[in-house]
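The values are calculated or read from the model by the stated rules, or taken from the named source; none is laboratory data. Keep in mind that what you see is a predicted model, and the values were worked out from it rather than measured. Heads up, the Cβs are rebuilt from the backbone with ideal geometry, glycines too, and the neighbour counts pull from every protein chain shown.
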Amino acid sequence: MTTATSLPVSLRIDGEMTIYRAAELKQLLLEPLQPHATVEVNLSGVTELDTAGLQLLLLAKRTALQQEGQLRLVGHSPAVLNVFDLLNLAAYFGDDLVIAHPPGAARN
């Protein structure tokens, strides 16, 4: 039985989060989402995120909340950051984002 005090389950996704891998990634993301579980998904290796991949992340977040658990997204790749920024989704997922300064940008 998984409890709220259990250690988080850690996953890492590498490569594309696109329609071409949706079935595979759906199983990977949803399988560990048991009641009261905390799942941490490292997205640092994601090279492309399309609407199918985004829908999987939204589904995983909703499923975690329904199970009274947590889904944490960490290590957001540039591809993920671009989509989250474009669609203003950072607040929905509620994870800390580290946004690198573009080369040549002024730093305060």
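Could you say which residue among 96, 50 is touching a strand residue (DSSP E or B) at 6+ places or on another chain (Cβ under 9 Å), within 21 Å of residue 22 (Cβ to Cβ) and not β-branched (Val, Ile, Thr)?
50
Give 47, 63, 5 a once-over and let me know the one that is at pLDDT below 95, of a type in the set (Val, Ile, Thr) and under 23 Å from residue 96 (Cβ atoms).
5
I need the full set of residues from region 21-60 which are part of a loop (DSSP other than H, G, I, E, B) and either in contact (Cβ under 8 Å) with a residue 12 or more places away in the chain or buried (at least 20 other Cβ atoms within 10 Å of the Cβ) (or both), in order please.
32, 33, 34, 35, 36, 37, 50
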